[in-house]
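Chemist: Before I ask anything, let me first share the structure, which is written out below as structure tokens.
The values are calculated or read from the model by the stated rules, or taken from the named source; none is laboratory data. Just so you know, these numbers come straight off a predicted model, no measurement behind them. Here the Cβ positions follow ideal geometry from the backbone for every residue, glycine too, while neighbour counts run over all protein chains shown.
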Amino acid sequence: MKLRDFVLGVVTGLAAAIIIKEVTEQVSPYRSADDILEDIKTDFRKDSPIDGSWIYMKIDNFSNGFTEIPVYRGGISRIKDGEMETYEFAADARTGAVVDLKLAN
């Protein structure tokens, strides 16, 4: 095998990998549900330790009366001042910003 053929194969493989990466990012404009949950947990940990957390992996629609946005729904449980607090949230699937937060108990 000639060095030229080897280099051509490597360059072709790299070009294909870059194209596939770019196309994949354009197809899915949403952030990962796990990444969004980790960001929310980090914010909650600033106030008190977390006891549990969950997130639905399926995107749902959230309406505030004016517009509808795609969101992930989930929840966080923590113990604060000796009492269990459970929160439910809706986070924007594109940015991860919390658009709705309710105390569930």
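Chemist: On the basis of being at pLDDT 90 or above and not in a helix (DSSP H, G or I), does residue 96 make the cut? Can you show your working first?
Modeler: Values: at pLDDT 90 or above: yes; not in a helix (DSSP H, G or I): yes.
Yes; evaluated as a whole, the condition is true for this residue.
Chemist: Right, next: Find all pairs meeting these conditions: Cβ atoms under 8 angstrom apart; at least six residues apart or on different chains; first residue within the stretch 49-72 and in the same structural domain as residue 96 (by TED's automatic domain parsing) and more than 18 Å from residue 31 (Cβ to Cβ); second residue modelled with pLDDT of 90 or more and of a type in the set (Gly, Ala, Ser).
Modeler: Sorted first by the residue in the stretch 49-72, then by its partner, the pairs are 50/77; 51/77; 52/77.
Chemist: Can you tell me how many residues within the stretch 63-105 are of a type in the set (Lys, Arg), surrounded by 16 or more Cβ atoms within 10 Å (Cβ to Cβ) and either at positive phi or under 18 Å from the mean Cα position of the chain (by Cα) (or both)?
Modeler: Applying the first criterion (of a type in the set (Lys, Arg)) to the stretch 63-105 yields 73, 78, 80, 94, 102.
Restricting the remaining residues to those that are surrounded by 16 or more Cβ atoms within 10 Å (Cβ to Cβ) gives 73, 78.
Retained after the next criterion (residues that are either at positive phi or under 18 Å from the mean Cα position of the chain (by Cα) (or both)): 73.
So the count comes out to 1.
Table: residues versus (1) of a type in the set (Phe, Trp, Tyr); (2) modelled with pLDDT of 80 or more; (3) loosely packed, with under 12 Cβ neighbours inside 10 Å.
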site: 1; (1), (2), (3): no, no, yes
site: 4; (1), (2), (3): no, yes, yes
site: 7; (1), (2), (3): no, no, yes
site: 12; (1), (2), (3): no, yes, yes
site: 32; (1), (2), (3): no, yes, no
site: 36; (1), (2), (3): no, yes, no
site: 44; (1), (2), (3): yes, yes, no
site: 49; (1), (2), (3): no, yes, yes
site: 52; (1), (2), (3): no, yes, yes
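Chemist: Another question, then. From (1) part of a strand (DSSP E or B); (2) out of contact with any helix residue (DSSP H, G or I) (no Cβ under 8 Å at 6 or more places or on another chain); (3) not aliphatic (A, V, I, L, M), pick out the condition that doesn't hold for residue 48.
Modeler: Every condition holds for residue 48 apart from (1).
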